[in-house]
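Worksheet: one structure, shown below.
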Amino acid sequence: MSELNKDVVDLVWGRPSSGVSVSIFRRWAQGFVFSESELTALEQFEGGPCAVIAPVQAFLLKNVLFSRESSNWRQMSEEEQKMALCSTLSEILESVCSSTSTGFCLVTWAKGQSPHTSTQTITQAQSQTQDMPEPASSQPPQEQQPTALAAEELGFEQFHSVLHKRTVMSVAHLREEVLSLYHTWRGCCGVLLFLYSVILTKGIENIRNEIQDTMEPLIDPVHGHGSQSLVNLLITGHAVSNVWDGDRECSGMKLQGIHKQACVGFLTLMESLRYCKVGAFLKSPKFPIWILGSETHLSVFFTKANNGFIPESLLEDVMKALDLVSEPEYVTLVKSKLDPENLGIILLGPFLLEFFPDQDSGIPDSFPVYHYNGLKQSNHKERVEYVEGTALVLGFEDPMVRTDDTPVKRCLQTKWPYIELLWTTDRSPSLN
């Protein structure tokens, strides 16, 4: 990977005059690790890598909630965790791939050069292994699971000297290889190895053409936070810098936005502060899962489709299954009637009232919701667990049911202006 290193480093980290600090690199040098307290939740050790971990968590939840047959979505065996994580990573790599003719890139440790290997061995093997097409999955398991301590010893420069890039040409081969690299994704620097795989699969030039300011790195080398372009790349497959729908022009310059409905959404506290406005493609995703952005962190808010509402994108399927008229024009009409505020969801109560008015549904316009924050220190007793609550979505402000004004609520009000939240915990979950 030596010839690509400089381009990748410049794109991801920029060109800080003093280099990338030891502490910033250390914060990003973690793998994808599941919480011991919440078996479908990924844990984030320090600030920074949420720009990769939160989007992966959002897609992981999509797959666990809507593609898995088990009814208990919060329980997973180790084998199920492996399958869920690897299918999620493959899905994101597939979404960023500009052309299948160029294949998919996987960045791993060169053979014998994981952080478990001694410095002497690394130096000797460096020149011999850079271009060898040796599958990283052939390493024994103990070499695929570098320790946390190894990251401290590895360092930024050495990390980039022991990487190996390989290309696979089919989706089936990609999924197979990603699965075989499970211990690599979980181990030291697994998050960065996946990020570099995404970047090289997308193509450095393709990313530069989408980023508004090519001088802005994907990771801030001073504070360690990921850029909006990085978040958008992982959510939508495009590294655009804006969150509005479509493209805009400003002083003759084209500003690129989001071009189609995303699978998982994005809402930001910055909109409540009038710094930006998120478009409908991110506000109303295909699945009821949203990444929430604060000034410094990303968390995830979600619900399950079988709890009081269905995502708008599934309305046609539901109407077909119930033998109701399901012509596209009629479905569009029903959507506009049952979701006049374009919230992206159809509440079960109004749906039953529309099509089965004689049956008493007894279902209020409320539904269970969950909030995920991967940072240990942001969770009660420092255990990464989902915070459960109930959302009440009203069409107007009702002072009788007003709940506390919190950052989470202000963020969600950019989509649901009159949402009220009742959490099962004593304190509201943290956006930071």
Legend entry - Contacts under 9 angstrom Cβ, first residue in the range 209-231 being over 18 Å from Gly19 (Cβ atoms) and without any contact (Cβ under 8 Å) to a residue 60 or more places away in the chain, partner among the aromatic types (Phe, Trp, Tyr) and assigned to a loop (DSSP other than H, G, I, E, B), 6 or more apart: none
Legend entry - Inter-residue pairs, beta-carbon under 8 Å, first under 17 Å from Phe302 (Cα atoms) and modelled with pLDDT of 90 or more and in the range 392-421, second part of a strand (DSSP E or B) and open to solvent by 30 Å² or more (accessible area, probe 1.4 Å), 6+ apart: Leu421/Thr390; Leu421/Leu392
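Take the conditions open to solvent by 20 Å² or more (accessible area, probe 1.4 Å), free of Cβ contacts under 8 Å to residues at least 12 places away in the same chain and touching a strand residue (DSSP E or B) at 6+ places or on another chain (Cβ under 6 Å) and apply them to Arg248. Does it pass?
Values: open to solvent by 20 Å² or more (accessible area, probe 1.4 Å): yes; free of Cβ contacts under 8 Å to residues at least 12 places away in the same chain: yes; touching a strand residue (DSSP E or B) at 6+ places or on another chain (Cβ under 6 Å): yes.
Considered against the rule, which asks whether it is open to solvent by 20 Å² or more (accessible area, probe 1.4 Å), free of Cβ contacts under 8 Å to residues at least 12 places away in the same chain and touching a strand residue (DSSP E or B) at 6+ places or on another chain (Cβ under 6 Å), Arg248 comes out as yes.
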Inset, instruction - Under 8 Å between Cβ atoms, at least 6 apart or on separate chains: pull out the pairs that start in the range 313-324 with a residue that is under 15 Å from Leu348 (Cβ atoms) and end on any residue that is open to solvent by less than 60 Å² (accessible area, probe 1.4 Å) and among the small types (Gly, Ala, Ser). - result: Leu314/Ala305; Met319/Ser326
Inset, instruction - Can you confirm whether the range 271-284 contains a residue that is in a loop (DSSP other than H, G, I, E, B), open to solvent by less than 10 Å² (accessible area, probe 1.4 Å) and within 23 Å of Arg15 (Cβ to Cβ)? - result: no
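Do any helices (runs of 4 or more DSSP H) lying entirely in the range 294-370 carry at least 2 residues that are surrounded by fewer than 17 Cβ atoms within 10 Å (Cβ to Cβ) and at pLDDT 90 or above, and which ones are they?
Working: elements: 315-321, 328-338, 348-355.
Once the helices (runs of 4 or more DSSP H) in the range 294-370 are filtered for at least 2 residues that are surrounded by fewer than 17 Cβ atoms within 10 Å (Cβ to Cβ) and at pLDDT 90 or above, what remains is 328-338.
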Legend entry - Residue satisfying all of: in the range 228-245; open to solvent by 10 Å² or more (accessible area, probe 1.4 Å) and assigned to a loop (DSSP other than H, G, I, E, B); modelled with the lowest pLDDT among these: Trp244
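Scan the range 42-55 for residues that are within 15 Å of Trp290 (Cβ to Cβ) and among the hydrophobic types (A, V, I, L, M, F, W, C) and report the count.
Final tally of qualifying residues: 2.
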Legend entry - Which numbered condition Trp290 fails, given (1) open to solvent by 60 Å² or more (accessible area, probe 1.4 Å); (2) assigned to a strand (DSSP E or B): (1)
Inset, instruction - Output the residues belonging to the range 420-432 that are buried (at least 18 other Cβ atoms within 10 Å of the Cβ) and either of a type in the set (S, T, N, Q) or outside any loop (DSSP other than H, G, I, E, B) (or both). - result: Glu420, Leu421, Trp423, Ser428, Ser430
Legend entry - Cβ-Cβ under 7 Å pairs, at least 6 apart or on other chains, the range 71-96 side within 18 Å of Glu385 (Cβ to Cβ), far side assigned to a helix (DSSP H, G or I) and open to solvent by 20 Å² or more (accessible area, probe 1.4 Å): Trp73/Leu65; Ala84/Asn63
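Which of the residues that make up the range 186-208 are touching a residue at least 12 places away in the same chain (Cβ under 8 Å) and open to solvent by 30 Å² or more (accessible area, probe 1.4 Å)? Before you say what the answer is, go through the steps one by one.
Start the filter on the range 186-208 by keeping residues that are touching a residue at least 12 places away in the same chain (Cβ under 8 Å), which leaves 186-204, 206-208.
Within the range 186-208, Arg186, Asn206, Arg208 qualify.
Hey, among Val222, Val171, which residue is β-branched (Val, Ile, Thr) and either open to solvent by less than 60 Å² (accessible area, probe 1.4 Å) or touching a strand residue (DSSP E or B) at 6+ places or on another chain (Cβ under 9 Å) (or both)?
On the way: Val222 fails: either open to solvent by less than 60 Å² (accessible area, probe 1.4 Å) or touching a strand residue (DSSP E or B) at 6+ places or on another chain (Cβ under 9 Å) (or both).
The match here is Val171.
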Legend entry - Filter result (part of a helix (DSSP H, G or I), closer than 11 Å to Thr108 by Cα and modelled with pLDDT under 95) within the range 157-182: Phe159, His160
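The values are calculated or read from the model by the stated rules, or taken from the named source; none is laboratory data. This structure is a prediction, so every number in the text was calculated from the model and none was measured. For neighbour counting, all protein chains shown are included, and Cβ atoms are generated from backbone atoms with ideal geometry for every residue, glycine included. Only protein heavy atoms, including side chains, enter the accessible area calculation; ligands, DNA and RNA are left aside. Shrake-Rupley method; radii C 1.70, N 1.55, O 1.52, S 1.80 Å.
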